[in-house]
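Visitor: Pasting a structure here, questions to come.
The values are calculated or read from the model by the stated rules, or taken from the named source; none is laboratory data. What you are looking at is a predicted structure, and each value in this text was computed from that prediction instead of being measured. Cβ sites come from the backbone with ideal geometry, for glycine too, and all protein chains shown count toward neighbours.
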Amino acid sequence: MRWLIDGYNVIRRDPDLRAREAESLEAGRTALLALVGRIAREMTDTFTVVFDGARRTGGAPAGGQVQVVFSRPPASADDELRRLVTTLREGAIVVSSDRAVQDAARRSGATAVSAEAFLEAVDASSHPDADDEADEDRDEPRRGPSHRRSRAERAAERALRRLRNR
């Protein structure tokens, strides 16, 4: 599987990454790429982290299967993610809390995961006890006419399980 990560979207949803970005954009990017690099070394999946704008300094993280893409103005990172997902389709997991990006991913047959859910799954894999609490929340029965979660919800849960179980 290929994970397509909306770089600044993830950075701005995590307090530690956001603090690093407050130092400088490069520090925020470096911190996120180090996190993704650690994950990639523990998985067979590949990761593409997409940022807005042209690269100024720095390189890709050491180790793992991580590619860094910078959008070319006037295109945004969201535009680049939508372009990539239409190419990869079912083989992609898109990490973004941007609704338009998530919708484009689902229309293309890819799995969409929010930045918050991604960060939570990464954190849960680092703290096994936290995963037990998350399991309790997921096991609560659904109410209403449909007792089964949607196909998109089940696909997102499978993707997040890959992170938790790495």
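Visitor: Between VAL101, VAL94, which is assigned to a strand (DSSP E or B) and modelled with pLDDT of 95 or more?
Guide: VAL94
Visitor: For LEU17, indicate whether it is modelled with pLDDT of 95 or more, out of contact with any Pro (no Cβ under 6 Å at 6 or more places or on another chain) and within 23 Å of ARG164 (Cβ to Cβ).
Guide: yes
Visitor: Here's something else I'd like to know. Which residue pairs have Cβ atoms under 8 Å apart, sit 6 or more places apart or on different chains, and have a first residue in the stretch 151-166 that is more than 13 Å from ALA117 (Cα to Cα) and a second that is in a helix (DSSP H, G or I)?
Guide: Matching pairs, first to second residue: ALA152/ARG106; ASN165/SER125; ARG166/ILE39; ARG166/SER125.
Visitor: Quick one: is ALA40 aliphatic (A, V, I, L, M), at pLDDT 95 or above and over 18 Å from SER97 (Cα atoms)? Spell out the reasoning first.
Guide: Numbers: aliphatic (A, V, I, L, M): yes; at pLDDT 95 or above: no; over 18 Å from SER97 (Cα atoms): yes.
No.
Visitor: For the list (1) modelled with pLDDT of 95 or more; (2) more than 17 Å from LEU163 (Cα to Cα); (3) surrounded by 20 or more Cβ atoms within 10 Å (Cβ to Cβ), I need the number of the one condition that PRO61 fails.
Guide: (1) is the only condition that PRO61 fails.
Visitor: Moving to a separate point now. Taking helices (runs of 4 or more DSSP H) that do not extend beyond the stretch 1-54, which have at least 3 residues that are more than 17 Å from GLU116 (Cα to Cα)?
Guide: Output list reads 15-23, 25-41.
Visitor: Continuing with this model, one more query. On the given criteria, is ALA124 assigned to a helix (DSSP H, G or I), of a type in the set (Gly, Ala, Ser) and at pLDDT below 80? Let's see the steps before the verdict.
Guide: Numbers: assigned to a helix (DSSP H, G or I): yes; of a type in the set (Gly, Ala, Ser): yes; at pLDDT below 80: no.
In short, no.
Visitor: Show the residue pairs that are 6+ apart or on different chains and have beta-carbon atoms under 8 Å apart, the first residue being within the stretch 12-30 and in contact (Cβ under 8 Å) with a residue 24 or more places away in the chain, the second being hydroxyl-bearing (Ser, Thr, Tyr).
Guide: ARG13/SER97; GLU26/THR57
Visitor: Do we have any residue at all in the stretch 64-84 that's under 19 Å from SER150 (Cβ atoms) and either at pLDDT 90 or above or β-branched (Val, Ile, Thr) (or both)?
Guide: Within the stretch 64-84, not a single residue is under 19 Å from SER150 (Cβ atoms) and either at pLDDT 90 or above or β-branched (Val, Ile, Thr) (or both).
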